[in-house]
Amino acid sequence: MSGQPCAIVGIGQTHHKTRRWDVSLGGLVREAATRALEDAQLTWADIDAVVLGKAPDLFEGVMKPELYLTDALGAAGKPMFRVHTAGSVGGTTGIVASHLVEAGVHRNVLAVAYQKQSEGNAQFALGSGRGASLGAGGAFAPYMRSYIQQTGAPGDIGPMVAVKDRQNALKNPYAHLKLADISVEKVKDSPMMWEPVRYLESCPSSDGACAVVFTDLDGGNAAAAAGRPPAWVLASAVRSEPASFPGRDPVWSQGASDCAGEIYRTAGITRPREQIDCAELYVPFSWYEPMWLEAHHLAERGEGWKMIERGETDLDGAFPVNMSGGVLSSNPIGASGLLRFAEAALQVRGQAGEHQVDGAKVALAQAYGASAQYFSMWLVGSSLDAVN
């Protein structure tokens, strides 16, 4: 860890519904921020700075939303920072906010990330406003096909991930997409979207926001003394790489590997599978779960799909992944990364409710974006010495 310790003392989410016409864009982010402040037992006056993240402005057609949302977030007269790193932006937003505390620039920082897709056109935005687009699934499908070809993974692995995450979502009150009647057979019978991704192996289009309150060592210790367990940021990292260059392997991205390597070194992680209790990974299409397990050194090359086949990534498995239902169950794009990071923090705080992993002390969170070229990760613990 670099700088002073940073604690997460407040987390707030909105309900993820396909249509949030009952609330304005400003109301959506304020709803999440208010819940985070209530969780932290702080007021707007206690916040020193706000960090806002979302996917490209084209998604809603509101340019520079950080200016529009200043009042809604109690940031008038305070520093307001905007973050954008494609789909990984939510994760990067949390990391930027934590750095402001770790560097001693501010004591209490509010991070907010959101997307209100019902007010925009995601396909138009993904095409940069220039007509049709393959969509994210079309962009990532060749990588997933390459993974299957390289590893010999059987066709049931993707559907197994989809079933697991959708069953986990039933335990999460903030999940957007809930399918009680789900099975591997039902997933395999759903329409093919982008081979090998079927309809029920793909993420939804959501409206939602997530907010996290960060504080310094004194604030974290005060919360703990008051019986409100904080989550301590043990390590964080961001990486990026060009979308294409000679020798690039998007199935096992070097940027993703380097990102994981940095947080493991910083936190003293030498045996990731043994020292980390669970993970929230950015899996918008089911086949990305085994890919990320391998890229982040949680499984050897070609072994990620075997962990899934053995049930190790189930909620009651040896290494639970996406206990909240993940991106497959809630995908307000700009907020999805921060949701992964916040859900990991809820686990080590012991506040994840029905999808809590028993005894979770160290949790990993990850987000990625663009053409699998932006990566953000962090490791959180129930204490500063949670890693053993």
## Note on the structure
Within the stretch 318-367, the residues that are of a type outside the set (S, T, N, Q), without any contact (Cβ under 8 Å) to a residue 60 or more places away in the chain and open to solvent by 10 Å² or more (accessible area, probe 1.4 Å) are Ala318, Asp358
#### Entry: One residue from Ser206, Ser202 being within 21 Å of Asp57 (Cα to Cα) and open to solvent by less than 20 Å² (accessible area, probe 1.4 Å)
Ser206
### Task
State whether the residues of the stretch 42-64 include one that is of a type in the set (Asp, Glu) and open to solvent by less than 50 Å² (accessible area, probe 1.4 Å).
yes
### Query
Applying the selection to the stretch 250-261, what residues are open to solvent by 50 Å² or more (accessible area, probe 1.4 Å) and not aromatic (Phe, Trp, Tyr)?
Gln254, Asp258
### Task
Take the stretch 314-328 and flag every residue that is within 18 Å of His15 (Cα to Cα) and in contact with a Cys (Cβ under 8 Å, 6 or more places away or on another chain).
Met323, Val327, Leu328
### Query
Would it be correct to say that Glu300 is surrounded by fewer than 16 Cβ atoms within 10 Å (Cβ to Cβ), modelled with pLDDT of 95 or more and either under 22 Å from Glu343 (Cα atoms) or touching an Asp or Glu at 6+ places or on another chain (Cβ under 9 Å) (or both)?
yes
### Summary
Phe140: passes all of (1) surrounded by 19 or more Cβ atoms within 10 Å (Cβ to Cβ); (2) modelled with pLDDT under 90; (3) not charged (D, E, K, R) but (2)
### Message
Take Phe81 and tell me if it is open to solvent by less than 20 Å² (accessible area, probe 1.4 Å), aromatic (Phe, Trp, Tyr) and either outside the structural domain of Ala136 (by the TED database) or at positive phi (or both).
### Response
no
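The values are calculated or read from the model by the stated rules, or taken from the named source; none is laboratory data. Bear in mind that the values here come from a model prediction, so they are computed numbers and not experimental data. Here the Cβ is made from the backbone with ideal geometry for all residues, glycine too, and neighbour counts use every protein chain on show. The area values use the complete protein model at the heavy-atom level, side chains included, leaving out ligands, DNA and RNA. Shrake-Rupley method; radii C 1.70, N 1.55, O 1.52, S 1.80 Å.
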